[in-house]
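Just below is one structure, and these are the notes that go with it.
The values are calculated or read from the model by the stated rules, or taken from the named source; none is laboratory data. All values reported here derive from a predicted model rather than from experimental measurement. Here Cβ is always computed from backbone atoms with ideal geometry, including for glycine, and neighbour counts include all displayed protein chains. We work out accessible area using only protein heavy atoms, side chains counted, and drop any ligands, DNA or RNA first. Shrake-Rupley method; radii C 1.70, N 1.55, O 1.52, S 1.80 Å.
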There are 2 protein chains.
Amino acid sequence: MTKARVVIENITPQVDCGRFPVKRTVGEPVTVEADVFADGHDMVACVLLYRAQDAEEWQRAPMTSMGNDRWYARFVPRELGQYEYTVSAWVDHLATWRRDLAKKEAAGQDVRVDLLRGKQLEKQGIDEDIVVRYEPPLRVEVDREKARFSTWYELFPRSAGKPGVHGTFADVEARLQYVASMGFDVLYLPPIHPIGFTERKAPNNKPGAGRSDPGSPWAIGGEGGGHKGIHPQLGTLADFKRLVARAHELGIEIALDIAFQSSPDHPYVREHPEWFLKRPDGTIQYAENPPKKYQDIYPFHFETQEWRELWEELKSVFTFWIAHGVRVFRVDNPHTKPFPMWQWIIAEVKREHPDVLFLSEAFTRPKVMYRLAKLGFTQSYTYFTWRNTKRELIEYFTELTKPPVSDFFRPNLWPNTPDILPEFLQFGGRPAAALRLVLAATLGASYGIYGPAFELAESKPREPGSEEYLDSEKYQLRTWQLDRSDSLHELIARVNRIRRENPALQNNRGLRFHPVDNESLIAYSKTTEDGTDSVLTIVNLDPHNRHTGWIELELASVGVESTKPFQVHDLLSGARFLWQGARNFIALDPTYTPAHIFRIRRRVRTEHDFDYFM
Amino acid sequence: MTKARVVIENITPQVDCGRFPVKRTVGEPVTVEADVFADGHDMVACVLLYRAQDAEEWQRAPMTSMGNDRWYARFVPRELGQYEYTVSAWVDHLATWRRDLAKKEAAGQDVRVDLLRGKQLEKQGIDEDIVVRYEPPLRVEVDREKARFSTWYELFPRSAGKPGVHGTFADVEARLQYVASMGFDVLYLPPIHPIGFTERKAPNNKPGAGRSDPGSPWAIGGEGGGHKGIHPQLGTLADFKRLVARAHELGIEIALDIAFQSSPDHPYVREHPEWFLKRPDGTIQYAENPPKKYQDIYPFHFETQEWRELWEELKSVFTFWIAHGVRVFRVDNPHTKPFPMWQWIIAEVKREHPDVLFLSEAFTRPKVMYRLAKLGFTQSYTYFTWRNTKRELIEYFTELTKPPVSDFFRPNLWPNTPDILPEFLQFGGRPAAALRLVLAATLGASYGIYGPAFELAESKPREPGSEEYLDSEKYQLRTWQLDRSDSLHELIARVNRIRRENPALQNNRGLRFHPVDNESLIAYSKTTEDGTDSVLTIVNLDPHNRHTGWIELELASVGVESTKPFQVHDLLSGARFLWQGARNFIALDPTYTPAHIFRIRRRVRTEHDFDYFM
């Protein structure tokens, strides 16, 4: 029982009733809203309370009424780690008194007694027992900026060497300049650990590999060690550390692929047979997706009695590589390992290293993908890979960029991966790759490509109907001719520079779609919260045909007045156009360019800007 | 830390993250849904757990997959009071094994080892530590049927007597047959307590009442007592109890109006001055809405130091009348009293008397109205009183009849009240009253009218622009000619009989709007959950003109096949029509009838039904 009369309800943002933290990055404002009201007609006051999780004192920000009993305030987290926030409110007797006094005075009433009452209230102050605080506080996980805005490039070190020779970390070092020239800031390597020999796969995932076949990097563990070892053909730990340092100099972070599974030759199999499921015939259970069998992979048996020791060991894989300079991990198939383990590992790692990022490579059912994000993964793979039509893209990106999803799920968009050569890229040629690149880079504040297959528009599947690459680097070395004249290298470099120069593209929060009267043309804008940067992207989704159409721009959302002309500056081509009003004409020919990426410049110069006008 | 791999998320129904119970009535199913899934490809199993709050054992209902990791099950509460429910889930190793075995057998694989594994799993059973239960459990408040389906009539006992003579409970007894003949099952009386003399209001809310003016029943408390007393001109407590008993024989419950405020003559003012706010000049603070003053009303000062004693006393007002046979209360302006007090009083009362119903008379801001419903009010007044156009009605009733609102807020629709003569009724005459009656009775499983003003289509406001009745019974006696030929008595009786005979109209859950190509015609259906009853109502919202239009019926929602004719039976006129397909023609002339209330009869007789056909 309490006599406190004020109510606090429906605080946003919150994820699953506060069970999980909201996600933000350092310097990114957290705008908190709440329904706050009391019985009767008394006025209420409320403040936002927030603090870094280890701080004792709450910081306070007064909240502003938005009408309909809704209030808001914001705070800007300045440190990595978790923050708490909540709302405190009370009936504001003094403000109520002031409001009523003004009405009575306006009506010419005798207010002598009211003035005495005001003195009483002033003396009284805010009585503790009429103040309500919403409990428990909500949480926000504050990551570094790269969690929100990152540009990934994936390559197989094995193919970075001279033709026919197994590539090394030194070869990757030599490739760094190429990667940096395209503007990527994360270089992600498939697993770098020793590869098993037992049941090793030959090229194109066929059985019966010979001793010279390199095998799949995901068949982890062999004579040279397991998840903390380095594949001898790539080099040494010292070589790896030098690669990390060199990349750092070029503004690139090395991301490692953590795949928690073992080849039959992994040291774990001998040292910890209790971490694997033993079949009734005494053999170890290999991976299955009946009727398919993957005898080269032993999954962990996470329901083992010794699950605590197993979790500790897997956590130590992360801390081992963190100790050697890695801060970004792409986690392979996290959806086939227990959710509570990820929640525990990520929390444990981030407690010591709040700057570490985890990318969830879960291509699975939507609720499973979202759950992994809620329990701690920093970024997540998405269905973008298979979303090609205007309707699909609008539907999916509306879902991803609005609460509740946008509060916990950070999409990382991949037009291709070593596992996925989508049909769209198989049949659309270079224009298809170009338009998918622009979509990924402008719809997603984070995106990545698997190269050089991507920039060279590699398009042959293993067999018709397959979405796997023919002669995939997963099972063999490849030689790539990086300086081919039809490489998308330059387009990628330009698009990534546009991303770096336009804060609007570094966040997904300001995404808005605009109607175009042609199903093959998609238009969307991104605008920063403060309105200072606004980028309008228009993409021709058809890689084969020129399309024209009229865009119906939602002017207010890009900060433009309908009565004044404004300039749209195509950052891809350099061309500038003067537009006025919502309706404007668009024509895009995929043989020349996949898209316009317009920076909207609101202020157009007129005679008033001419020096001698006044 | 737990090794349990299954996740339970997003259970519905739930109100504000489980802070408040969902509302249902005895026998009304609770359909519970949840997202349930595990990592990987293993199958999961889940059960709904539920129990009456004081039961020790959980009842179990297996849940069924709906696809996309969503599961459902239902239970039917059979007792009054609160129930708890939650979901329990686990990875179903045996089911997974069976599924995989079938696939391997279909592929002709050797399954000898798999069969041994199955034996192991069977022996093992469900390991306790892989089972997850969602905590804390959610709650449902189970009321009696009248909470969901009720038909209210309000009258002033003061006007029930002979012309010019103050009416008594005995006069109300004599009026019961009239009320019953119209099919009402709740008769609600404005406050029946002694009325104060100090600052008493004269007719039409003017100051300066004479000793012969009856005053407002809401100025509670005088020489004859306070909230537990009876106004001497109405009779005695024994008379009241006889009225309650006689009403009961006719299937009518007497509802009392509980208005927590005092006239200056209330015994509380002398006996408990500490329950009122003393102004600096020593006088007691009267009610104000600056610059308006209501010197005849003293509000309670709920922030008094003695608030606990005040709450106890107010609670005892309910228990006093419960002891004298009352089970239904209409609470006056609950939004001007503290929310936590209502939560406490209603919980306390219902713990002893779970059959008691509380109607919240809060015409205020939406979040305040919803909060009162969440914290315990059984039913609530709504904005229906001012929703007249098709668009307004569709928007508002879509909100009211869908979760989350429908899970905690039970609308009670009033076309008029003693305080509100809406403009629509002032200018639309009898046809306006008729159509508002049909809307209220078919849109709302619960509705009420203030009579005889309503059935006699009383339409004069106190002054132009006012929504108050001229010569309101709040301040004077009125004489009503009940047998006037233009009374809506018969229409009301017919509509209420239709309500009683059609379960579809006794619930708001099955409401669905259907397009009509005329803004003055609104069409909606209600269908029972089991599909056995479906009522389609079409109302002409224009009281002045005949309108015609084409309805586009969503056939599947009313259980009709597009290829077969079906019968619509107008329960108002008795007429029957054969329709086929979605598009059908409607014509409604307000001078004859305000509406069609069609029962949809799916099965139309054909030659196959003829006895000798075979």
note = When (1) over 26 Å from residue A:248 (Cα atoms); (2) touching a strand residue (DSSP E or B) at 6+ places or on another chain (Cβ under 9 Å); (3) surrounded by 19 or more Cβ atoms within 10 Å (Cβ to Cβ) are applied to residue A:333, the one that fails is (3)
inquiry  = Going through B:62, B:21 one at a time, which residue ends up being away from chain A (no Cβ under 11 Å), touching a strand residue (DSSP E or B) at 6+ places or on another chain (Cβ under 8 Å) and buried (at least 20 other Cβ atoms within 10 Å of the Cβ)?
reply    = B:21
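A quick yes/no check of all residues on (1) farther than 30 Å from residue B:428 by Cα; (2) in the same structural domain as residue B:499 (by TED's automatic domain parsing); (3) assigned to a loop (DSSP other than H, G, I, E, B); (4) out of contact with any Pro (no Cβ under 9 Å at 6 or more places or on another chain):
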| site | (1), (2), (3), (4) |
| --- | --- |
| B:531 | yes, no, yes, yes |
| B:563 | yes, no, yes, yes |
| B:569 | no, no, no, yes |
| B:572 | no, no, yes, no |
| B:578 | yes, no, no, no |
task = Tell me which residues, restricted to segment B:198-219, are on the phi > 0 side of the Ramachandran plot and surrounded by 15 or more Cβ atoms within 10 Å (Cβ to Cβ).
result = B:199, B:204, B:215
note = A careful count of residues in segment B:220-235 that are in contact (Cβ under 8 Å) with a residue 60 or more places away in the chain and either in contact with a Pro (Cβ under 7 Å, 6 or more places away or on another chain) or surrounded by fewer than 18 Cβ atoms within 10 Å (Cβ to Cβ) (or both) gives 3
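Residue-wise test of (1) outside the structural domain of residue A:183 (by TED's automatic domain parsing); (2) closer than 22 Å to residue A:568 by Cβ.
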position	(1), (2)
A:436	no, no
A:441	no, yes
A:450	no, no
A:459	no, no
A:482	no, no
A:495	no, yes
A:534	yes, yes
ask   = All but one of (1) free of Cβ contacts under 8 Å to residues at least 24 places away in the same chain; (2) away from chain A (no Cβ under 14 Å) hold for residue B:159; which doesn't?
value = (1)
message = Among the residues of segment A:1-52, what is the count of those that are in a loop (DSSP other than H, G, I, E, B), of a type in the set (D, E, K, R) and closer than 30 Å to residue B:290 by Cβ?
response = 4
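Name the residue that is nearest to residue B:541 (Cα to Cα), counting only residues in segment B:509-525 that are within 15 Å of the chain's Cα centre (by Cα) and open to solvent by less than 30 Å² (accessible area, probe 1.4 Å). Give the derivation first.
Step one: of segment B:509-525, the residues within 15 Å of the chain's Cα centre (by Cα) are B:509-511.
So of that shortlist, the ones also open to solvent by less than 30 Å² (accessible area, probe 1.4 Å) come out as B:510-511.
Details: B:510: 22, B:511: 18 Å.
Once the filter is applied, the top-ranked residue is B:511.
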query = Can you tell me which residues in segment B:24-56 are over 31 Å from the mean Cα position of the chain (by Cα), within 11 Å of chain A (Cβ to nearest Cβ) and closer than 16 Å to residue B:86 by Cβ?
reply = B:36
ask   = What number goes with the only condition from (1) under 18 Å from residue B:261 (Cα atoms); (2) facing chain A (nearest Cβ under 9 Å); (3) buried (at least 20 other Cβ atoms within 10 Å of the Cβ) that residue B:371 does not pass?
value = (1)
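Evaluate the following for residue A:542: is it more than 20 Å from residue A:182 (Cα to Cα) and in the same structural domain as residue A:587 (by TED's automatic domain parsing)? Show your work before the answer.
Details: more than 20 Å from residue A:182 (Cα to Cα): yes; in the same structural domain as residue A:587 (by TED's automatic domain parsing): yes.
Spelling it out, residue A:542 is indeed more than 20 Å from residue A:182 (Cα to Cα) and in the same structural domain as residue A:587 (by TED's automatic domain parsing).
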inquiry  = I'd like to verify a number: residues in segment A:331-353 that are closer than 26 Å to residue A:449 by Cα and not hydroxyl-bearing (Ser, Thr, Tyr), how many?
reply    = 8
query = For residue B:521, are the conditions met, namely being assigned by TED's automatic domain parsing to the domain that holds residue B:577 and touching a His at 6+ places or on another chain (Cβ under 6 Å)?
reply = yes
note = Filtering segment A:31-58 for residues that are touching a residue at least 60 places away in the same chain (Cβ under 8 Å) and surrounded by fewer than 20 Cβ atoms within 10 Å (Cβ to Cβ) leaves a count of 1
ask   = List the pairs whose first member sits in segment B:325-336 and is at pLDDT 95 or above, whose second member is among the basic types (Lys, Arg) and open to solvent by 40 Å² or more (accessible area, probe 1.4 Å), and whose Cβ atoms are under 8 Å apart, counting only residues at least 6 apart or on separate chains?
value = B:325/B:241
request  = May I ask you to list the residues in segment B:475-508 that are out of contact with any Asp or Glu (no Cβ under 7 Å at 6 or more places or on another chain), open to solvent by 50 Å² or more (accessible area, probe 1.4 Å) and more than 30 Å from residue B:210 (Cα to Cα)?
outcome  = B:483, B:484, B:485, B:486, B:490, B:494, B:497, B:500, B:501
request  = Go through segment B:94-116 and give me each residue that's free of Cβ contacts under 8 Å to residues at least 24 places away in the same chain and either open to solvent by 50 Å² or more (accessible area, probe 1.4 Å) or more than 9 Å from chain A (Cβ to nearest Cβ) (or both).
outcome  = B:98, B:102, B:103, B:105, B:106, B:107, B:108, B:110, B:111, B:112, B:115, B:116
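Step by step: first the residues of segment B:67-93, then only those that are acidic (Asp, Glu) and either within 14 Å of another protein chain (Cβ to nearest Cβ) or more than 11 Å from residue B:52 (Cβ to Cβ) (or both), then the one that is least open to solvent (accessible area, probe 1.4 Å). Which residue is that?
B:69
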query = Looking at (1) in contact with a Gly (Cβ under 6 Å, 6 or more places away or on another chain); (2) under 27 Å from residue B:76 (Cα atoms), which is the only condition residue B:543 fails?
reply = (2)
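Name the strands (runs of 3 or more DSSP E) wholly inside segment A:251-323 in which the number of residues that are open to solvent by 20 Å² or more (accessible area, probe 1.4 Å) is 2 or more.
On the way: elements: A:253-258, A:287-289, A:292-294.
Fully inside segment A:251-323 and qualifying: A:287-289, A:292-294.
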Condition broken by residue B:122, with the remaining ones in (1) at pLDDT below 95; (2) at positive phi satisfied = (2)
request  = Residues being outside any helix (DSSP H, G or I) and within 14 Å of another protein chain (Cβ to nearest Cβ): count how many of those fall in segment A:324-360.
outcome  = 6
message = So, in segment A:299-323, exactly how many residues are more than 9 Å from chain B (Cβ to nearest Cβ) and in contact with a Gly (Cβ under 9 Å, 6 or more places away or on another chain)?
response = 1
Residue A:352 vs. criteria over 19 Å from residue A:539 (Cα atoms) and surrounded by fewer than 20 Cβ atoms within 10 Å (Cβ to Cβ) = yes
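Condition check ((1) outside the structural domain of residue B:402 (by TED's automatic domain parsing); (2) out of contact with any Phe, Trp or Tyr (no Cβ under 8 Å at 6 or more places or on another chain); (3) among the β-branched types (Val, Ile, Thr)) across all residues:
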| position | (1), (2), (3) |
| --- | --- |
| B:1 | yes, no, no |
| B:16 | yes, yes, no |
| B:22 | yes, no, yes |
| B:32 | yes, no, yes |
| B:47 | yes, yes, yes |
query = Is it fair to say residue B:134 is among the hydroxyl-bearing types (Ser, Thr, Tyr) and within 14 Å of another protein chain (Cβ to nearest Cβ)?
reply = yes
